[in-house]
Each structure stands twice: as structure tokens, then as C-alpha cells.
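Below you'll find the structure, written out as C-alpha cells, and then a few comments.
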Amino acid sequence: MGRLKVLSGKEVCQILTSHGFEKIRTRGSHVVMQKQIPGSTITVPVPDHNEIRTGTLMSIIRQSGIPRAEFE
């Protein structure tokens, strides 16, 4: 496993969008992304910051179910 890149909120939203997530709303400094899957919905809040901290990015990766390699 490689190191995670330092990504902005906009870049993370682009990665999520390419995996089927849609921007639902923006509230304050967070963007809420959602994806419909059979039987449920995955909701991932993304901070709209210039640099997202590593722990926050790991949480987004875990919640979204997207492989970590997409963020490296």
C-alpha cells in the first residue's frame, strides 16, 4: 500500500462522483455525497477544505467502500 495523497475536498468529491456518488447538498463547509445501492443508501460527508487530513480521508474511504488505491 502506498501513501495517501494530500487531497482537497473538491478532488475527493470528483473521485466519489466517478464511482457513482451524487452531490446532494452543501451545508457550511461540508458537501454531502450519496450513492443508491440495492436495499440501502451510502451517505458520505466530505469537508470542503483545501487539504483533508489523513484520518478524515481514511474515514471517507471506509464509509464509501471505494478501494484505497483510488486515493493514492
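Within segment 1-66, the GluC sites (Glu not before Pro) that combine a DSSP coil assignment with at most 15 other C-beta atoms in a 10 angstrom radius are Glu51. Charge dipole (Cα centre; +1 on Lys/Arg Cβ, -1 on Asp/Glu Cβ; no other charges) of the chain amounts to roughly 120 debye.
In terms of overall dimensions, the C-alpha atoms belonging to the chain reach 33, 29, 18 Å along their principal axes, ordered largest to smallest. Here's how it looks for Val31: its modeled amide H is under 5 Å from those of Val46, Asp48, which are all 5 or more places away or on a different chain. Take the Cα of Gln14, step 7 Å toward its Cβ, do the same at Ser59, and the gap between the two points is 2.4 nm. Summary value for the chain: 36 percent relative contact order, contacts being C-alpha pairs under 8 angstrom separated by 6+ residues.
Dividing the summed -39500 (n - 2.57) terms of all DSSP H runs of n ≥ 4 by the residue count of the chain sets its mean residue ellipticity at 222 nm at -8500 deg cm²/dmol. In order along segment 21-35, the phi-based Karplus estimate (6.51 cos²θ - 1.76 cosθ + 1.60, θ = phi - 60°) of 3J(HN,Hα) comes to 7, 10, 6, 8, 6, 10, 9, x, 9, 10, 10, 9, 10, 9, 9 Hz; Gly and Pro are listed as x.
No value in this document is a laboratory result; all are computed from the given coordinates. These numbers come from a predicted model, not from an experiment. Here the Cβ is made from the backbone with ideal geometry for all residues, glycine too, and neighbour counts use every protein chain on show.
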